[in-house]
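A short worksheet on the structure shown next.
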Number of protein chains: 2
Amino acid sequence: MTQASKTGKARRSWQDIRDEIHRRVLSRRYKPGDKLPRDEDIAEELGCARSTVQRAMQDLNDAGIVERKRKGGTQVRPDPVTRATLDIPITRVEVEARGARYGYQMLASGRETTPAPVAAAFGLAAPEEMLHIEALHLADEAPFILEDRWVSLATCPEIANVDLSVKSANEWLVMHKPYDRMDLRFYAVNASGAMAARLKLREGAALLVIERSTWIGDAPITTVRSVTTPGYQLLTGS
Amino acid sequence: MTQASKTGKARRSWQDIRDEIHRRVLSRRYKPGDKLPRDEDIAEELGCARSTVQRAMQDLNDAGIVERKRKGGTQVRPDPVTRATLDIPITRVEVEARGARYGYQMLASGRETTPAPVAAAFGLAAPEEMLHIEALHLADEAPFILEDRWVSLATCPEIANVDLSVKSANEWLVMHKPYDRMDLRFYAVNASGAMAARLKLREGAALLVIERSTWIGDAPITTVRSVTTPGYQLLTGS
DNA sequence: GACTTTTTTATGTAGCTACATATTAATGAG
DNA sequence: CTCATTAATATGTAGCTACATAAAAAAGTC
């Protein structure tokens, strides 16, 4: 038996408060740019403690619904942004989630000096020798994602001893080299001749590219350019 | 003068606790899949209240670093995901942030019955008459984003009276029709003849497309397909 | 009037208690 | 031994107090 059913009066949870405030924003009782009452007044009005309002407001703030400033109070965000959370799983998990058989092929691997774009992605002052890996992820034997990865040997010397021909660098890194900071970007490219050949599709096809760089502290770990196959879509989790 | 400087001993904030736990995950003292001590023990070890650990853990949970279950305890996420938050601003704001002059052109507007793909995006059982708008966002007079939008007249009858030839439907909607639920997807397309003509580029160019549908409750508000121009990149905020 | 300092005030945080809730683990019935 | 019931336990939440902090507003100062 819940407390609500015992006392006959439901205790309002912070989610209830959050939803009530959200409703008021949605119903335009509080309009974009409007200042909201102070937490204490809302608490009194809705019959709960200030800490409960605080919790609710935190959440609305994180969600981009309101903006809070010390002393300045709370206001409805005047320039609404579309905020979304993306979860990008390991490719193997993604393929398996689609009910397909996962496959992995290392295409090339070796030590090379970082070309300018890679050094730029890492924000390196000078080029550096890194591990360069090209690999293909397969779903039911068909090419799924082509990845072009650079791994800093200065930050991850251990990876030199890992057999990356059977297991992807992604999996090894994700389990052994947690990161601190990440940079993600998405854009579209026309398949080059080399890409088309490796992904077995016509040259010029529009492909979604996911670029990701990770650091631990200031030390670069890895930067990957993942070229997806036609039809690939990135979806938000909400 | 802060309390820390007065007492000589800093009070540890929940962020300190969070960072300490995070460090332990990063340093692999707690490895993926490992079970963490109970909040109370961590609190005692680090010299703070359980509520502080709770707050820290909440944050790590939201960030996808750990997973918590009642009674089950806390464990380091065994299948690390790359979690990122995307903020997509109004196009006008985005253009202005780049230091360019924003321009807007309505290309076409009228009432039409939703074709199958649009009905599907909304999860509609039956096609419906909606407002269909094609418009172009410009940055310094050059095409920037081409949008193809459907607005539910059932949910937003007021929009019929808005002059959408000078101000984008996006701006009006964002200020007057807050949403509840959103669906976002990103993919790449080759520019069709029509797209190429409107965006003034060659047919077949790879373009990043952002598709967004919004609802209030179960009622559909709008669905937009925004076709960006070459070179456009979506970046994460973190 | 322009500038600096002080006060005020709304949000932010730490710590505590008490209880809720979801599981797991232990126990008991058959 | 299997299944249902009960107890134990880690996290989740509400409410309270006290204080910290940032920023606006007010009060001084030149």
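The values are calculated or read from the model by the stated rules, or taken from the named source; none is laboratory data. Here the structure is a predicted model, which means the values were calculated and not measured. Heads up, the Cβs are rebuilt from the backbone with ideal geometry, glycines too, and the neighbour counts pull from every protein chain shown. Note: areas computed on protein heavy atoms with side chains; ligands, DNA, RNA excluded. Shrake-Rupley method; radii C 1.70, N 1.55, O 1.52, S 1.80 Å.
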Verdict on A:I145 being farther than 27 Å from A:D218 by Cα and either in contact (Cβ under 8 Å) with a residue 40 or more places away in the chain or part of a strand (DSSP E or B) (or both) = yes
Is it the case that some residue within region A:102-121 is within 16 Å of DNA strand D (Cβ to nearest atom), open to solvent by 30 Å² or more (accessible area, probe 1.4 Å), within 14 Å of another protein chain (Cβ to nearest Cβ) and part of a helix (DSSP H, G or I)?
-> no
Listed residues A:K31, A:K71; which is closer than 30 Å to B:S51 by Cα and open to solvent by 60 Å² or more (accessible area, probe 1.4 Å)?
-> A:K71
Could you check, for region B:69-91, whether at least one of its residues is among the charged types (D, E, K, R), more than 16 Å from DNA strand D (Cβ to nearest atom), under 20 Å from B:V151 (Cβ atoms) and under 25 Å from the mean Cα position of the chain (by Cα)?
-> no
Residues of region A:43-89 classified as within 13 Å of DNA strand C (Cβ to nearest atom), of a type in the set (G, A, S) and in a loop (DSSP other than H, G, I, E, B), total | 2
Candidate set from region B:9-19 (those that are within 15 Å of DNA strand D (Cβ to nearest atom) and charged (D, E, K, R)); member that is farthest from B:V66 (Cα to Cα) | B:K9
Specify the residue that is nearest to A:D16 (Cα to Cα); the eligible residues are those in region A:46-66 that are open to solvent by 70 Å² or more (accessible area, probe 1.4 Å) and at pLDDT 95 or above.
-> A:R55
Does region A:90-100 contain any residue that is away from every other protein chain (no Cβ under 14 Å) and either within 24 Å of B:E94 (Cβ to Cβ) or outside any loop (DSSP other than H, G, I, E, B) (or both)?
-> no
With respect to B:K31, determine if the residue is of a type in the set (K, R), away from DNA strand D (no atom under 16 Å from the Cβ) and assigned to a loop (DSSP other than H, G, I, E, B).
-> yes
Could you check B:V81 against (1) aliphatic (A, V, I, L, M); (2) within 30 Å of B:L153 (Cα to Cα); (3) modelled with pLDDT under 95 and say which number it fails?
-> (2)
Name the residues in region A:214-225 that are within 11 Å of chain B (Cβ to nearest Cβ) and small (G, A, S), would you?
-> A:G217
